[in-house]
Amino acid sequence: MTDDSQIRALQAAESLCAERGERLTPVRHRVLELLLQADTPVKAYDLLELLKPGPGAAKPPTVYRALDFLMGLGLAHKIEALNAFVSCGHCHDGGGAEFFICTNCDAVEERHGVSSSQHTPDGFAIHRSVVEHFGLCSQCAA
């Protein structure tokens, strides 16, 4: 992600937090910034290592709380199969995303508009859905 798009994404995140009466604390801001800078999904302990040079030594619960907050606002997603996280610039509330994960370069592409309601049992309320596809991206397949 370019510096300009990172800045816009962080500004959008701050606006979203303000709209919802939430705070993008310095730790949450930094975790989102690190996710935006990453080219591939990032594991929580890698984020922890990247946070160490900054002010105050972050502990694992701090990183997980920041990630939970960001995911709750739809600013980040967990790639379940990789146990890693990616940023999301779509500012939406959680579910309904599909992830296409390249097994060669680890690139992740996110798509929205997934509707599993036609296959949902009567009375079942979906809170979150995760659909992950593994294969080769167009660059690696070429």
Quiz item: Which of the following residues is of a type in the set (Gly, Ala, Ser) and under 14 Å from the mean Cα position of the chain (by Cα): Ala12, Ala58, Ala18, Ala44?
Solution: Ala44
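Conditions (1) among the acidic types (Asp, Glu); (2) within 20 Å of Ile79 (Cβ to Cβ); (3) surrounded by 15 or more Cβ atoms within 10 Å (Cβ to Cβ), marked per residue:
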{"site": "Asp3", "(1), (2), (3)": "yes, no, no"}
{"site": "Gln11", "(1), (2), (3)": "no, no, no"}
{"site": "Arg20", "(1), (2), (3)": "no, no, no"}
{"site": "Val27", "(1), (2), (3)": "no, no, yes"}
{"site": "Arg30", "(1), (2), (3)": "no, no, yes"}
{"site": "Glu33", "(1), (2), (3)": "yes, yes, yes"}
{"site": "Gln37", "(1), (2), (3)": "no, yes, no"}
{"site": "Ala44", "(1), (2), (3)": "no, yes, yes"}
{"site": "Glu49", "(1), (2), (3)": "yes, yes, no"}
Quiz item: So which helices (runs of 4 or more DSSP H) stay within the range 22-87 end to end and still have 1 or more residues that are in contact with a strand residue (DSSP E or B) (Cβ under 6 Å, 6 or more places away or on another chain) and modelled with pLDDT of 90 or more?
Solution: 26-37, 60-72
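The values are calculated or read from the model by the stated rules, or taken from the named source; none is laboratory data. The structure presented is a predicted model; accordingly, all values stated were derived computationally and were not measured. Backbone-built Cβ (ideal geometry, glycine too); neighbour counts: all protein chains shown.
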